[in-house]
Structure formats: C-alpha cells, structure tokens
1. Residues to consider are LEU274, LEU341; find the one that is at pLDDT 95 or above and either assigned to a loop (DSSP other than H, G, I, E, B) or open to solvent by less than 30 Å² (accessible area, probe 1.4 Å) (or both).
2. Hey, among the residues in the range 524-565 that are open to solvent by 30 Å² or more (accessible area, probe 1.4 Å) and in contact (Cβ under 8 Å) with a residue 40 or more places away in the chain, which one's farthest from GLU48 (Cα to Cα)?
3. Just to be sure, is ALA481 surrounded by fewer than 19 Cβ atoms within 10 Å (Cβ to Cβ) and over 20 Å from the mean Cα position of the chain (by Cα)?
4. Search the range 209-234 for residues being open to solvent by 70 Å² or more (accessible area, probe 1.4 Å) and in contact with a strand residue (DSSP E or B) (Cβ under 9 Å, 6 or more places away or on another chain), and hand back the single one that is farthest from ARG51 (Cα to Cα).
5. Provide a single number: the residues in the range 131-159 that are among the polar types (S, T, N, Q) and part of a loop (DSSP other than H, G, I, E, B).
6. What about ASP472, is it open to solvent by 10 Å² or more (accessible area, probe 1.4 Å) and either assigned to a loop (DSSP other than H, G, I, E, B) or among the charged types (D, E, K, R) (or both)?
7. Of all residues in the range 235-247, how many are assigned to a strand (DSSP E or B) and either polar (S, T, N, Q) or open to solvent by 10 Å² or more (accessible area, probe 1.4 Å) (or both)?
8. Would a scan of the range 195-208 turn up a residue that is modelled with pLDDT of 95 or more, closer than 19 Å to THR320 by Cβ, of a type in the set (Lys, Arg) and open to solvent by 20 Å² or more (accessible area, probe 1.4 Å)?
Amino acid sequence: MSTASVAGAIGTVLDADVCIVGGGPAGLSVALALVAAITASGIEPLPEAPRVVLLEAGDDRLVQLGSGTRVSDGNPYPGGDINTTRAHYLGGTAGIWSYEMSNAPGDPGDDDRGCRYAPMDEVDFEARTAVPHSGWPLKRGDLDPWYEKAQPVAGLGPAQYTPEPWAGPGREVLHLDDSLVETQMFQFAGSRKFTQGVVGRLRAAGVRLVTRADVTALETDGSGRVTAVRWRGSDGTTGTVNARAVVLAAGGIENSRLLLRTATAAGGDAGPGLGNTYDQVGRYWMEHPIVRGGIIVTRPGAGLAGLLGLYDAHWQDSATGPVKVMAKFSINPTVVRERGLVSTALLLLPRADAMASPGFQAFTALRSPTFRAASPLAKAKVAATVLTRPQDLLNARAAMQSQPGVDLSGWTQSPEAPGLNVFEMVHQTEQTPDPSNRIVLGRDLDAHGRQEPVLHWHWSDDDQRRVTQSRDLYAQAFANAGLGRLMQGDWDGGRPRMTYSTHHHMGGTRISPDDRTGVVDADCRVHGSPNVFVAGSSVFPTGGSVNPTLTIVALSVRLGEHLRSVLPAL
C-alpha cells in the first residue's frame, strides 16, 4: 500500500498473518525474508508468501524528530539531542545516515549516503567475567549464515571482513604486533538499498505498507497474546490490524515504549507491560561512545600515511561488483578476554602538526577538569607554556576548525599525505550493559496521548578505564613497530572524554535465556507471549564496537524465516 493509498486503510480493520511495526532496516528486512527467498547470492520472490502488513509512522518524506524523548542523568549526545538521532521515514534512520558514498568524480556511489557494516566479533557474544551482564544465548557461528544472507539485502559485497582479500599494492596490511592489535574490515552501502530497493521489492510482493500510522496500543487477551495492533494517523484517523504474529521493529526506544504500554482488550492497563514480569523491559540500554584522544606523532620521514591506504575508505572491485571498504584496528580478542576489556574499533585520522605543538597540548591540559587538582608548580608550568606559545594556539584553532571527521575518505591519495606526521586515534567503543541505563515512561504525553519515553543513561568509570587501557595498547603497538609515539591528546588526566555517540540505540529488549534477565528469547519472541517478536538492535545483550546494522539485518532475516516456519502453529 503506497503513501497515496493509505486512506484506504483508515478506519478499517486489516487482517494479516504478520503485522510489522516499523519501516526501518529491521522491519523491512523481516518483511523481505517473509516474502522472498534470500541466499548469499541473491533474493528471489516466493510463489506463496504470508499476508504482511507493515505500519510506519512516517512516509516517503523524511521527518527527523525534534522532540519526544527526554534524557535524564548523563547524556550520550554531548552538544546534541537524542531526538535528532531518530526519524519517521519509510526506511527508518537509513534516511539520516551521513556517510558520503561518493567522494570523487566517477565513484559508483552517486550522491547516496550510507553507513559502515561489519559483523560483531566472536568475543562480543561471549559471557566475560569482567564485563557484567555480558553474553548472548547465541554464538558468532550461529549468526554466520545469516550474516552471509544479510549481505545482498544491505547491498554489500562478499561476506569477507578479514583484510587479506582486500589487500594489495598500496593497500597493504599494516604489520603491528598481532598479539596486541589486529586488522579487520568495514564495508559500506548506501541508504537507497532500503529506502528504494527493499521498499520496491515489498510493494511488488504485495506487502501492505501503511504509512503515517503511529501505533498507539498493543491489545492483549490477558494471556500475553496480542490480538490487535491499534494505530492513529497525524490527522486523528485510526485503524486496527489483527495478525497471527506481531513484530516490533520500531527502534531502540520505541520497542521498549510499546511493550511498556501494553493494554488489555477491555481497555485497561496490562500491568507492568508485556514481557516485563521482572522489570526487564527498557533496561541495559547502550550506545557506542566515540572518544577522540590520543595523538600518534611519527618521526619525520616515517611515511606512516603511505602505509595506511587500506585504512582509508576506498572503492574496490569484488566478485559481486564495486564495493567501498576500509580497514580498522581492534585489540586482539585474547587480550580483550584476559584483561577484561570492552571492545574498541580504532580509526586513524590525519591531523595538522599544530595539534601536537607544546602550546596546544598545554592548553588541552589547562582546560581539563583534573587540572584543578594539580600542584601549584605543575599549574604554573602549564600556564607558562600556554602564555609563551600563543602562535601554537592560533595554529591549532585553525586546524581544529577544518579537521576532518570519521567520514573522511581518500586522504591517503592527497598531495599533502607524504608530509603528514600527526594522526589522531578515534575510538568507537563498547558500553558495558548496565540495568540502570534504561527507558522508562515519563509523565509528559505526546499528541496521541501516549506517555513520552525518558532515557536514564551514564557512562561508567570502569568503561572509561577499559578504553584508556585499550588506547595504551594501541599506542604500544605503534611504538613497538617504530611508527610513532603517543601524546596525551584530549584526555582528561587519563580518563577519556566522550565527544559524541554514533546514534546506535541498543538494548532495552535484550535476548536472554529467561524473563528474569531479559525480554526476548533466542528466536526474538517476547518471554510470556506466544505471538510477539522484536527485531532490531534493542535485542542486543551487548553491542560490541562496530556499527550494528549488519547484525540487525542478519537477525531480522533470521526472524523472518523463523516466522515463516512457525506461522501455522500461531
């Protein structure tokens, strides 16, 4: 059902085999797996498919939310707003992905924007004693077949994430101490694969896409079975979907909100909410904090930039066509286990020499909160350096205003690359799952009379300590290889300073063996409900450090195929 024909569903009751709430990559991937046969080599429509209705609060026009969620305690978005990380759109947050797929004339990415893809590591699925509440009831090997099927859905190349298939002349693997640091790959794909490609396939297969439909209630029969999904349009019109199975794929905030707001068929409150007998819905909410800090300074003539071609995003040919890739660094998983670290993904970005100047480093120390605890002599020395080197500050200020971010690509091919001697370590980090980080329902009501969500969130001291340990291990590997030495950078007295997060909303409806420790089982079915399932990164028990979209798509395809097999019994 296209946007233009939504009026046909207004005020009516639609019957379906499966009702999917949410039209982002998770919901679209579940729907695709319900109506198509997906293999690692392609996607083919099924001759007979279930009746699927997909409800999306947005439509073909991107609407970035400006309000609706309030953050309490800490803030995962310093200088920003959590609501700008959410969107009402047929394609979900793919509509606000920011990575430019085309960075040079002739690049095959056109003007599309996309994101990074990579599978989570084996260690990310393990229960780690030093990382409380870690561990999935699945292993990496359980997801490997689904990671392969996710590749064509997302528009990616072959399922190759080790560096060897992508390495070549001018793009060699940087040989560091592999007992400390490893190299792995990211792939990139554009948003249109979902917003146009998958949406088009679903329309052709007869999936009813009901847009501008905000779900206001999941109505149950009191036994955990959802009997009706009620929605309301922005103009006040209403509708209902009756389905044998319901999939919540509305994102890392709305999935928890919907379960907490479950109502009974009689119109009353269903108690603590569906799947929430032991107060687990909304808990263990996570992000990927980004830490900018740690400057690697090479000796003049070391030529580190010339060794980083593989680690600079670029297009390469593959067996399935051109694909954009880049390498990243990560800590050896044995070290992660033995030292009780969280996962980190490290990118190296070029910086102006002024960022390593004594005056700028002193200024960085001066504005650190821990500077107040320094001795008078130490304070005097730092202040004197700042006052006697004003040009350092002016040069650094100009450099900071133009310094590239994590979306930079092609820099190793620039004429300036051979002269680069300063590189910043940018860490995308795992957050330990913490039950006090959670989504709850607040007192404020939205336009449909629903309680707006409130996020309680903080970044723990233990996680900051672990990230600092990882930074030092990366620095040790570069020093051992004779490639550079570590300068403190923007680090607050040994503690990392989170500059922003990645808009990766994870947790809240985590996979768990039982309802005392989570919300859904290994098949993503809500504990205590025979017919409600959850798709998306809200089911992640831990988040690893890579972008979650590939794992989202893999789990969603897995769920779609599972639903096809169990529908006759629902």
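1. That would be LEU341, the only listed residue that is at pLDDT 95 or above and either assigned to a loop (DSSP other than H, G, I, E, B) or open to solvent by less than 30 Å² (accessible area, probe 1.4 Å) (or both).
2. Once the filter is applied, the top-ranked residue is GLY528.
3. Yes, satisfied.
4. By that ranking, first place goes to SER234.
5. 1
6. yes
7. Of the residues in that region, 5 qualify.
8. Within the range 195-208, one or more residues are modelled with pLDDT of 95 or more, closer than 19 Å to THR320 by Cβ, of a type in the set (Lys, Arg) and open to solvent by 20 Å² or more (accessible area, probe 1.4 Å).
The values are calculated or read from the model by the stated rules, or taken from the named source; none is laboratory data. Remember, predicted model here, so these are calculated numbers, not experimental data. Counting neighbours? That spans all protein chains shown, and the Cβs are built from the backbone with ideal geometry, glycine included. Please note that ligands, DNA and RNA were not included when accessible areas were found on the heavy atoms of the full protein model with its side chains. Shrake-Rupley method; radii C 1.70, N 1.55, O 1.52, S 1.80 Å.
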